[in-house]
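Asks: Pasting in a structure now, in structure tokens, and then I'll have a few things to ask.
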Amino acid sequence: MRERSRSVTPPPPGTPSANYIALAEQAPSWIEDPTQLRKLLVLDLNGTLLHRSPNGPRARHYERPRDARGNLLPRLRPVHPRPYMPAFRSFLFAPQTRAWLDVMVWSSAQPHSVNDMVERCFGEDREKMIAVWARDTLGLTNEHYFQKVQTVKDLEKPWSVLLPQTAADAPSSPHFSTASTPHSSPEPSSQSRPSDDSIRQPRGTTSSQAHSALTTLLLDDSPRKAELQPFNHVCIGEYTGEQRAKDVESLQKEQDWIAAIEARRELEQFAAGSDTTDAHAPSSRGPPSPNDSPDDADVSKKRKRKEKKLQKRVSLLEQFGDAEPEVSYDETLLAVIGVLDEIKRQANVAAWIRSGGLWGTHDPPASRSPNLSVVGKGGQSVEEDAPEVDEEAALHSTDSDLSVENSPQPNGNPRKREKKRQRMRGLSAGAEAAAVVGNDEDTAVPVSSLEEQGTVVEQTDDEQKMWFEDPEVLSYWVARGRRALEELGIPAEHGIDR
């Protein structure tokens, strides 16, 4: 396998079309019956639904996997689903939800990695998705396919490809992305980049309607992925190794507490049993005598060892002050469930996001950027941003789903800082000022494209905050998500198991 070069120039940023902007500028409206207008949820994987750890030590006789042509593939990395993934999965594929929601995965990782991540997160529910797309669907050149470059998910592609089947369609056509569709035996990517022109509608589960900006929600932790349809993007915080460690720490506290409670119960049973034994054989609690049989002495030693072990566990209760320990898990997926529960009755998803829908019952910040504010048609404020232009940072722009191996980052993680800079400043490869488009994330749109539509650029000094960075807004959607789960009888369990 040829060495991966890091000196590949990333593609220039794109801009939304005038037709798309016009559609997003419409006033939001409700529909009474969600099944009248099905929605499409496009899911990212790494950083959004899960965290992939760096590769650990290799087994002594480890053999690198190969694709169908014998080419070596990158090693699969350990996958850790985000908290509440079981509840999220159950919600997405509950019959009541499937009545109005189509689900697909679109990841910039290579197919063999996507298959592994989807299996870990969704298992057999993969068959209920309308598509699973990988890196071979992004229209990359051969050079870029094997490099860590910025990628963009143009929603026009699934909108034009995942159309309702008609009798004229050939469902058995072999010209679909075998590595990326759920109803095939996936073959890993090879050194020859698969052509995204070969994508066809997957066999089996299909949507009963065509989708568009009116119906689509892209869930992705990377802002630039949605720069062509920014108002259909719900950006969420990246699920990092640091956050994963906090969740595991909370799990350990829970397990220690449960073990301590159980140990106290067993000690009480031991004490009750000892009292009964003492009443009949007072000498049984003393040290073993020469007359005791070896079996009796062995039982006594084991009993004492067990009691000592239980007492050590019970001592943990003193640390907790006899009160259940406070633990917290990342609740992002619960919030996403809440958002989905809202958009199911929205007639125009792009308009809802653009109008500030993600801020729930709270008003969007008056200004969301340290540099620019844009006043749109009719005087409505659309906050703007001037990006930090950093060619080196753009070159290594974080692309969570890439299957190339990431080296561990030191404290002050530059990868994490770079991703935050993208969110906060709408990173653009050009030197032109860029406007924040929507209140859910900070994908950059060149100001010139807005000026052509009659917008006015104004300066502002306030720092921007994203919807999920506001504790009250996040809590609102988390509560909404919990209610939605309760209505469906789905337990809101975090599902973390190491």
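The values are calculated or read from the model by the stated rules, or taken from the named source; none is laboratory data. Fair warning: this is a prediction, and the values are worked out from it, not measured in the lab. Cβ atoms come from the backbone with ideal geometry, glycine included; neighbour counts cover every protein chain shown.
Asks: List the number of the failed condition for SER160; all other conditions in (1) without any contact (Cβ under 8 Å) to a residue 24 or more places away in the chain; (2) touching a helix residue (DSSP H, G or I) at 6+ places or on another chain (Cβ under 8 Å) hold.
Replies: (2)
Yes/no matrix, rows are residues, columns are (1) surrounded by fewer than 18 Cβ atoms within 10 Å (Cβ to Cβ); (2) in the same structural domain as LEU45 (by TED's automatic domain parsing); (3) aromatic (Phe, Trp, Tyr); (4) at pLDDT 70 or above:
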residue: LEU73; (1), (2), (3), (4): no, yes, no, no
residue: LEU76; (1), (2), (3), (4): yes, yes, no, yes
residue: VAL79; (1), (2), (3), (4): no, yes, no, yes
residue: THR97; (1), (2), (3), (4): no, yes, no, yes
residue: VAL103; (1), (2), (3), (4): no, yes, no, yes
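Asks: Out of the residues in the range 212-233 that are aliphatic (A, V, I, L, M) and over 10 Å from VAL42 (Cβ atoms), which is surrounded by the fewest Cβ atoms within 10 Å (Cβ to Cβ)?
Replies: Checking each candidate, the answer is LEU214.
Asks: Continuing with this model, one more query. Looking only at the range 99-134, which residues are part of a strand (DSSP E or B) and either within 15 Å of PRO81 (Cβ to Cβ) or not β-branched (Val, Ile, Thr) (or both)?
Replies: LEU101, ASP102, MET104, VAL105, TRP106, ALA131, TRP133
Asks: If I go through the range 470-498 residue by residue, how many of them are assigned to a loop (DSSP other than H, G, I, E, B) and farther than 21 Å from TRP359 by Cα?
Replies: 11
Asks: I would also like to ask the following. Which one of GLN209, GLN201, GLN243 is assigned to a helix (DSSP H, G or I) and either at pLDDT 90 or above or more than 23 Å from the chain's Cα centre (by Cα) (or both)?
Replies: Only one candidate qualifies: GLN243.
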